[in-house]
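Structure first, then comments.
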Amino acid sequence: MKLYVYDHCPYCVKARMIFGLKNIPFEMITLLNDDEETPISMIGQKMAPILEKDNGNCMPESMDIVHYVDESFDKPVLTGKTNPAIADWLRDVSAYLNQLLIPRYAKAEFAEFCTPSARAYFTKKKEAAIGSFAQHLENTPVLKARLEEDLQRLDALIQSPEACNGELSVDDIHLFPSLRGMSIVKDVRYPAKVDAYRKAMSKHSGVNLLDAIAQ
Ligand SMILES: N[C@@H](CCC(=O)N[C@@H](CS)C(=O)NCC(=O)O)C(=O)O
C-alpha cells in the first residue's frame, strides 16, 4: 500500500500512525505542496492523505484510512474507550494552535516544500487563511504561555504513556498529531505525563517528533 502525505499535515499523521501502531509495512510518498495534478487525478481534489491500495483503488479521508487499516489487517488495535475531555481539550487548543504551527511549518525543511514554488504555494494559501505569519510569530510568547497552561490541563487527563486513556483508542489518533505538530515550537515546557506520552507514541507509531527542527 502507498500512503501519499505532506509531512506537516496532522491528518496525514493520523493515517501514518495506524500503520506504525499495527506494524504494517507501507510506502510513504510525500507530495509537493503545489502538485495539484497528482491528488486530483487520484481522488478528484487536492488533499492529503490518500491511501492507494494494492488493487490501485484510492481512499481519501484520514479517519476512513485509519478504520480501514485497523479493521482489515490483523486484529484491531483501537479498541479502548474514548474520553470526551480529550476531544474538548483538542477543540480548545485548536482555537489558536495553527497560529503557532503554520508559520513555522512554512519555514521548515519538509519534503513537500523542497522547491521554492511549493513553499510559496503553501505560504500564500495559509496566510490568506490565518493572516500574517510575521504577526503570529511576533505573538509567540502569548500563544506559548496559553499552550503551556493548556498542557497542564492535558497532563491530568493522560492515563498512560502508551495510550492517553490507558488502552489505545481513536483519542490517541486525534491527540498525538497535535502534540507532534507543537513539537516544532522551540522550548515548550511539557508536563511530565504529556512528555512521556508524546515520546512513547512517537516510538510506537513510527512518526517522528519535530523537536530536532523546532523554531
Ligand atoms: N478531512 C480530511 C482533511 C485533510 C486535509 O485537510 N488535508 C490538508 C493538509 S493538512 C490538505 O490536503 N489541504 C489542501 C492543501 O494543502 O492544499 C482528512 O481527515 O483527511
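The values are calculated or read from the model by the stated rules, or taken from the named source; none is laboratory data. Source: prediction; values computed, not measured. Glycine gets a Cβ as well: all are built from the backbone with ideal geometry, and neighbour counts include every protein chain shown. What goes into the accessible areas is simple: the full protein's heavy atoms, side chains included, and nothing from ligands, DNA or RNA. Shrake-Rupley method; radii C 1.70, N 1.55, O 1.52, S 1.80 Å.
Quick check on my filter: what residues within the range 169-202 are farther than 17 Å from ILE18 by Cα, outside any loop (DSSP other than H, G, I, E, B) and open to solvent by 40 Å² or more (accessible area, probe 1.4 Å)?
ALA192, LYS193, ALA196
Could you tell me which numbered condition MET42 fails, if it satisfies all but one of (1) under 18 Å from the mean Cα position of the chain (by Cα); (2) under 30 Å from ALA120 (Cβ atoms)?
(1)
Starting from residues that are more than 15 Å from the ligand (Cβ to nearest atom) and without any contact (Cβ under 8 Å) to a residue 40 or more places away in the chain, keep the ones in the range 109-136 and report whichever is nearest to ILE29 (Cα to Cα).
Among those residues, the one meeting the criterion is PRO116.
Hey, can you tell me all the residues within the range 20-70 that are assigned to a strand (DSSP E or B), more than 9 Å from the ligand (Cβ to nearest atom) and surrounded by 16 or more Cβ atoms within 10 Å (Cβ to Cβ)?
Those that are assigned to a strand (DSSP E or B), more than 9 Å from the ligand (Cβ to nearest atom) and surrounded by 16 or more Cβ atoms within 10 Å (Cβ to Cβ): MET28, THR30, LEU51, GLU52, MET59.
Contact list please: Cβ distance under 7 Å, first residue in the range 6-26 and in contact (Cβ under 8 Å) with a residue 12 or more places away in the chain, second residue acidic (Asp, Glu) and not in a helix (DSSP H, G or I), pairs at least six apart or on different chains.
As it stands, the answer is LYS22/ASP74, since those pairs meet every condition given.
Please list, ordered by first then second residue, the pairs with beta carbon atoms under 6 Å, 6 or more apart or interchain, first in the range 44-58 and farther than 13 Å from CYS12 by Cα, second open to solvent by less than 40 Å² (accessible area, probe 1.4 Å) and of a type outside the set (A, V, I, L, M, F, W, C).
LYS46/PRO39
Just to verify a result, which residue in the range 71-104, among those that are among the small types (Gly, Ala, Ser) and part of a loop (DSSP other than H, G, I, E, B), is surrounded by the fewest Cβ atoms within 10 Å (Cβ to Cβ)?
Of everything passing the filter in the range 71-104, ALA95 is surrounded by the fewest Cβ atoms within 10 Å (Cβ to Cβ).
Can you pull out every residue in the range 126-168 that is open to solvent by 50 Å² or more (accessible area, probe 1.4 Å), closer than 30 Å to LEU78 by Cα and assigned to a loop (DSSP other than H, G, I, E, B)?
ALA156, GLN159, PRO161, GLU162, GLU167
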